[in-house]
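The values are calculated or read from the model by the stated rules, or taken from the named source; none is laboratory data. Since the model is a prediction, treat every value here as computed from it, not as a measurement. Don't worry about glycine lacking a Cβ; one is built from the backbone with ideal geometry, like all the others, and counts go over all protein chains shown. What goes into the accessible areas is simple: the full protein's heavy atoms, side chains included, and nothing from ligands, DNA or RNA. Shrake-Rupley method; radii C 1.70, N 1.55, O 1.52, S 1.80 Å.
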Amino acid sequence: MRLWKSWIVAKKDLAVLKRRKTLMASIIAAPVLLGTALPVLVSYVAVRKSAPPSFVAELLASFSFFFIIISALLPLYISSYGIVGEKVERSLEPLLATPTSDGEILVGKYISSFLPMILSIYFGLALFMILADVMTSHVLGYAFYPNWNIGIILFIGVPLAIMYGTSFGIFISAKVNNVQTAYQIGAASLIPFYILYIMGEANLVSLTTNTNLLIISLGIFIAVLIVYYLSKATFNRERILTEWK
Amino acid sequence: MSTIIEAHNLTKKYNGNTAVEDLSFDINKGEVFGLLGPNGAGKTTTIRMLCCLISPSSGTAKVGDYDVTDINGSMKIRKMIGLVPDNVGLYESLSVVKNLEFFGRMYEAPMQVIKENIEKYLKMLDLWNNRDQAVGTFSKGMKQKVAVVRALVHDPDLLIMDEPTANLDPEAAKTIREVILDLKKDNRTIMLNTHNLDEAQRICDRIGILKTKLLAIDTPASLERTMYGRKTEIIVENINESIVNAVKLEHPLNIEINGDKMMIEMKDPDRDTPSIVSSITAAGGRIKSVSETRASLEDVYLKLVKE
């Protein structure tokens, strides 16, 4: 595995991505929107509804789970475009004709999806933490962030969720011919995350304890391994050229 | 002369359907070799096997010193080849230079070589002034030219082109043909897939005709001579049975009569034509003209493909 080759693929994909203004806007806008809207909402509940500090803290912790959900959702757009875009432009054949392994190309696709996503999500999360502290510290009596909970989300949950979304996007792109269908099927793959969130809100499972967040992260890690294996099996040059339509 | 491609009994089957069967041929260094065949004849499959994009179901092929079925060798083979696929496959939102630099680096060529070749070939194909434009704004012919430059950007030993002039306007097709001829002068080895017979005849040193199996392989001139023979066309006023019988007596085989035209296939027209002319005259026929017709590559191709 020559990572420099993967990096060339990634750089090319990032250059193509830069020219897709709508895609870029959605990648940047969603975390920023979330990072701004959630603290405002918590602040509204805390001030206007005079919610107790413990409820405010619980609300902040559970809202931070949203960042795991969008970390799995948004890479689907980039990785789906990365493969479906190559299919549409018929550029996979000349790319595969170069002395590059399937794995090197695949890793390049991962990098080009992971890098902009992690930057964007981290920016959104930083905004969320800063605004949340500014808007709720007078209610709580202390700055809620940083804490271990957000540390697990930031350094384990988010990277794993991005890898999950990327893998699923690559896997599903092999089966479809347009980005919209890839998005739709990809979005369905996030149903377990939504169920988890609803269970959290219904107090069936706590999304705010460190242990549970680590268990959820382990679950995502296993899902990443499975989907990565499936996407690697799908991304085989002979199958790409003879079966991908 | 040393060979750059040696294929032995190459076979490719897809889900029980045979795309290429028992294909054996060599391509010499510095040669322009044309693979002709109808749609679905297995030309693209052959190219893909030689470029290590798909593996043969059976048989072997060597490109340079490396076997296409060997994983380590396949990387070296791909580095040796410049491929112009049947679809240009360029990144439409990127500029010409960005496309070419990307592929040059993927072929592991030094940046200096990439830059020199980009300038050299873009100037040759009259695209240098468009180098910073996005490929998506180009016409089909311009894109095809960029695809040709892409295949040359790493100075490959072997250039493989799959239908390089298909669907191009005559002017763009002519430019591509001229580039191929220029590369031929540089002693490059070129393998060309085409169903443009005129193009093959003009450019190729040798031709293989493929229809799942290899039907024939030789120089265009030899193919015309050996596969079809030479024919003499004699136009006679009021052909009747006695004239035909007189000709058949002199030359019993391969006579076609169409109106007042007699087409007679013969091995040595210089020797046989005078005696046939005498027979026709003796039988009372009035000869209007005598000419020799040579079969075209198209005649050979159609005869082989229909058989």
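Details
- Qualifying positions in region A:102-145 - within 14 Å of A:Ile162 (Cα to Cα), in contact with a Pro (Cβ under 6 Å, 6 or more places away or on another chain) and open to solvent by 10 Å² or more (accessible area, probe 1.4 Å): A:Ser120
- A:Ser26 falls short on exactly one of the conditions (1) within 13 Å of chain B (Cβ to nearest Cβ); (2) free of Cβ contacts under 8 Å to residues at least 60 places away in the same chain, and that condition is (1).
- A:Leu96 vs. criteria more than 30 Å from A:Leu131 (Cα to Cα) and of a type in the set (A, V, I, L, M): yes
- Residues within region A:197-245 that are in a loop (DSSP other than H, G, I, E, B) and open to solvent by 50 Å² or more (accessible area, probe 1.4 Å), tallied: 7
So that you can scan it fast, the table gives a plain yes or no per residue for (1) within 9 Å of chain A (Cβ to nearest Cβ); (2) of a type outside the set (D, E, K, R); (3) open to solvent by less than 30 Å² (accessible area, probe 1.4 Å):
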| site | (1), (2), (3) |
| --- | --- |
| B:Asn28 | no, yes, no |
| B:Glu31 | no, no, yes |
| B:Pro38 | no, yes, no |
| B:Leu50 | no, yes, yes |
| B:Met75 | yes, yes, no |
| B:Gly89 | yes, yes, yes |
| B:Leu94 | yes, yes, yes |
| B:Phe103 | yes, yes, yes |
| B:Pro110 | no, yes, no |
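- A single member of B:Thr69, B:Thr175 is over 24 Å from A:Trp4 (Cα atoms), surrounded by fewer than 17 Cβ atoms within 10 Å (Cβ to Cβ) and β-branched (Val, Ile, Thr), and it is B:Thr69.
- Residue list for region A:9-23, filter: at the interface with another protein chain (Cβ under 9 Å from one of its Cβ atoms) and among the β-branched types (Val, Ile, Thr): A:Val9, A:Val16
- Qualifying residue in region A:55-68 (condition: surrounded by fewer than 21 Cβ atoms within 10 Å (Cβ to Cβ) and acidic (Asp, Glu)): yes
- Scoring B:Asp126 on the criteria (1) away from chain A (no Cβ under 12 Å); (2) surrounded by fewer than 20 Cβ atoms within 10 Å (Cβ to Cβ); (3) out of contact with any Ser or Thr (no Cβ under 8 Å at 6 or more places or on another chain) leaves a single failure, condition (3).
- Every condition in (1) open to solvent by less than 30 Å² (accessible area, probe 1.4 Å); (2) modelled with pLDDT under 90 is met by B:Met191 except one, and the failing one is (2).
- Among the criteria (1) open to solvent by less than 50 Å² (accessible area, probe 1.4 Å); (2) over 21 Å from B:Leu94 (Cβ atoms), the one A:Ala37 does not fulfil is (1).
- Within region A:81-100, the set of residues being within 8 Å of chain B (Cβ to nearest Cβ) and small (Gly, Ala, Ser) comprises A:Ser91, A:Ala97.
- Selected residue [within 11 Å of chain A (Cβ to nearest Cβ) and modelled with pLDDT under 95] from B:Thr60, B:Thr18, B:Thr3, B:Thr44: B:Thr44
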